[in-house]
1. Looking at the stretch 120-209, which chymotrypsin sites (Phe, Trp or Tyr not before Pro) are in a loop (DSSP not H, G, I, E or B) and have at most 15 other Cβ atoms within 10 Å?
2. For the chain, what is the accessible area per residue in Å², given a 1.4 Å probe and the full set of protein chains?
3. Count charges around residue 8 for me, please; just the other residues with Cβ under 9 Å from its Cβ, Lys/Arg as +1, Asp/Glu as -1.
4. Taking the Cα centre of each part, how many Å lie between the stretch 158-200 and the stretch 28-48?
5. Which of these values of Rg/Rh (Cα atoms, Kirkwood Rh) was calculated from the structure shown: [x] 1.18; [y] 0.97; [z] 1.50?
6. In the chain, once you exclude exposed trypsin sites (Lys or Arg not before Pro) (DSSP loop, at most 12 other Cβ within 10 angstrom), what's the longest stretch remaining?
7. Between 115, 78, 88, where does the largest GNM mean-square fluctuation fall for the chain, given springs only between Cα atoms within less than 10 Å?
8. As I understand it, the dipole of the stretch 83-210 uses +1 on the Cβ of Lys and Arg and -1 on the Cβ of Asp and Glu, about the Cα centre. Which of 192, 153, 130 lies farthest toward its positive end?
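The values are calculated or read from the model by the stated rules, or taken from the named source; none is laboratory data. Predicted, not measured: the structure shown is a model, and the values here were computed from it. FYI the Cβ positions are ideal-geometry reconstructions off the backbone, even for glycines, and counts take in every protein chain you see. What goes into the accessible areas is simple: the full protein's heavy atoms, side chains included, and nothing from ligands, DNA or RNA. Shrake-Rupley method; radii C 1.70, N 1.55, O 1.52, S 1.80 Å.
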Amino acid sequence: YLDQATGYNEIRPSAVFRLGNHWRVAGQFNYGNNRDALQYVATIQPDNDPKKNTTYMLGNMAQRTYGVTLNMQYNLTPDLSFQYYGSPFTSIASFDNFKIASNTASKHYNERFVPVDDAQLILQGDSYSMNYKGNTLDFKNPNFSFNELRSILVTRWEYLPGSTIYLVWEHNRSNNAGNYYAGWSNNLDSMFSLPSSNTIMLKVNYWFAL
């Protein structure tokens, strides 16, 4: 049954190009599609009363993950080269068909949960609220967008045989957005507006014979 579907599919096409004796470019695209009909959503204490039985909310999750990996190297001379690594990554998930965990050990699939009618759910801001057996259940909207960009630029100079200087610039930015953005293009737009961190490192190796 489609409402019981759980599975994961992924594709990773890649390519490598060499342009003359100086350039090498390698790239890979990743796409993953994850579906889980009984994904855990939240642990709820009805009416925030610890004396009442804990309720576990499940949902049908549709998650899509996109990623690109780019690796470039340029050799200006045999002693001086530049390397770049960049990888934007996005994972987005939306939830529907919420369910309340019931007899989870049952041999019959439909007895393991109680379906939630969409008409019962009230979305207020970033949280859902519903009435269940006379109790109020509140839980956060589980939809999410996660974006990350990692990049490294390395300059390598062998100033003497066996002696090398590395100058490294690392640039990172990531965020688990509170809002859900559908599609990769919308997430890429938000990715480049995220706060970033930059690190510069210098490493010097000197080789000599005793």
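1. Counting only loop positions with at most 15 other Cβ atoms within 10 Å, the chymotrypsin sites (Phe, Trp or Tyr not before Pro) in the stretch 120-209 are 192, 206, 207, 208.
2. Averaged over the residues of the chain, the accessible area is 63 Å².
3. The answer is -1.
4. Cα centroid to Cα centroid, the span is 27 Å.
5. [x]
6. Here the longest run is 134-210.
7. Most flexible of the set in this elastic network: 78.
8. Comparing the listed Cα positions along the dipole, 153 ranks first.
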